2 protein chains.
Amino acid sequence: MILYSVPGSCAFASHVALEMAGAHYEVRLASREEGRTAEPFFEINPKGRVPALVTPDGVLTETPAILCYIAQTYPQAKLAPTSNPWLFAQVQSFSAYLCATVHVAHAHGHRGYRWADKDASFQDMTKKVPQTMGACFGLIEKEMLQGPWVLGETFSICDIYLLAIARWLEADKVDTTTLINVLDHRARMLRLPEVQKVLAEEQKLVQSG
Amino acid sequence: MILYSVPGSCAFASHVALEMAGAHYEVRLASREEGRTAEPFFEINPKGRVPALVTPDGVLTETPAILCYIAQTYPQAKLAPTSNPWLFAQVQSFSAYLCATVHVAHAHGHRGYRWADKDASFQDMTKKVPQTMGACFGLIEKEMLQGPWVLGETFSICDIYLLAIARWLEADKVDTTTLINVLDHRARMLRLPEVQKVLAEEQKLVQSG
């Protein structure tokens, strides 16, 4: 399989999941111009977004889908409780919150052009990011992260996805003083050998790109 | 089960899925003030968003998760190919696109306060909605909706979710002249007896609220 990625993006989650699943894969840098994806990447993913995973069945996009696909395709890695409807629903609920609310809040910091046209609007959006991301992570801290992992005792793709987005907290200028469990979770995740390996591979990609 | 909904919202998708699954359920109007959800609904869902489904296992939130939960819990209704990792990944990819990109584009029309603070920013965002929603539905028309259903010959929760969001096209002032397949899909969906029943129930909810 081939994963198209941009270092520092949410594609990091798919990269870590592939590594933890023991998959055979290759990571390629998506084509970019001026900080945005560009041709020929649009031929891989017409949406123009990373991650995109080239599988034997076709190209798969969207982080929640890629993470579940990896979990279902490599069941021995036990990355998601896919056969238990309630627990699996929890996984999908958490993924949906991260992609549709948290990642979207973050994206208003530098991608305001997706939803508005004026510089003043972009500045207004950027200014609100510490507050919106702080509110999201406040909910994660208080309501979602059961501990030690997101689902409680069971490690899952939720933990991988959370790490990918929690990496942005400082750049998004979020006040992290009350995010005790989120920061502890991130520190534990960053120590995992698979995560260390992916971080090193991201560095190589940055140098190659 | 109890579904908390707001008529006209994306909770419509969960409502239709419950009806098609043959589930025993009740629909309740989420508490609102000035067009936003309000206490005591926050006690049901701390995120303050519909839909929220009260199940025997707990409260489930986020449309992609609720739709998959219903499909997995009522397998005889055949609402999702959950045991085929590739097809199921397609379902989740489509759901993720709708919740994280299409619904988010729509929300900038009336919910700009989520991401900015100034009236001028809200106006700038609202003005761009026909363009962003048009681009999303252009991709759905061209790249995603295989026909006759989203996944091709197999009806699924993707079709239900697409209907919920395609209901917004006119209010979002999208130029629909090239959305031939999307409009045909919507018209076929609207004729289904389960959809007709849910539309009637939404009317009752509006009158009761």
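What follows draws every value from the coordinates through simple rules; no lab data is involved. On a predicted model such as this, the values are computed, not experimentally measured, just so you know. Counting neighbours? That spans all protein chains shown, and the Cβs are built from the backbone with ideal geometry, glycine included.
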- Name the most mobile residue of B:I157, B:I66, B:I180, meaning the one with the largest mean-square fluctuation, in a Gaussian network model of chain B with Cα contacts below 10 Å. B:I180
- Given N residues in the protein assembly as shown, what is Rg(Cα) / (2.2 N^0.38 Å)? 0.93
- Query: A:A38's amide H: which non-local residues (gap 5+, or another chain) put their own amide H closer than 5 Å, with H modeled 1.01 Å from N in plane and none for Pro or chain starts?
  - Reply: A:S31, A:R32, A:E33
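Determine the sum of side-chain charges near A:F41: Lys and Arg each +1, Asp and Glu each -1, restricted to other residues whose C-beta is under 13 angstrom from that of A:F41.
Details: positive: A:R28, A:R32, A:R36, A:K47, A:R49; negative: A:E33, A:E39, A:E43.
With Lys, Arg at +1 and Asp, Glu at -1, the net is +2.
Pull out a ≥ b ≥ c, the square roots of the eigenvalues of the alpha-carbon gyration tensor of chain B, then state rounded if a/c is under 1.5, prolate if not and a/b is larger than b/c, and oblate in the remaining case. Let's see the in-between values first.
Values: a/c = 1.59, a/b = 1.06, b/c = 1.50.
It is oblate, given that a/c is not under 1.5 and a/b is not larger than b/c.
Under the rule a/c < 1.5 gives rounded, and otherwise a/b versus b/c splits prolate from oblate, where does the stretch A:85-192 land using the Cα gyration tensor? Walk me through the intermediate numbers first.
Numbers: a/c = 2.50, a/b = 1.73, b/c = 1.44.
In terms of gyration-tensor shape, prolate.
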- Anchor A:K142: lysines whose Cα lies under 16 Å away (excluding residues fewer than 8 positions away in-chain): B:K47
- Query: Which whole-number percentage describes the relative contact order of chain B, with Cα contacts under 8 Å and a sequence gap of 6 or more?
  - Reply: 22 percent
- Message: Below 11 angstrom from the Cβ of B:Y69, what's the summed charge of the other residues (Lys, Arg +1; Asp, Glu -1)?
- Response: -2
- For chain B, what is the calculated [θ] at 222 nm in deg cm²/dmol (nearest 500), taking -39500 (n - 2.57) for each run of four or more DSSP H residues and dividing by its residue count? -15000 deg cm²/dmol
- Quote the relative contact order of the stretch B:85-192 in percent (integer), defining contacts as alpha-carbon pairs under 8 Å separated by 6+ residues. 29 percent
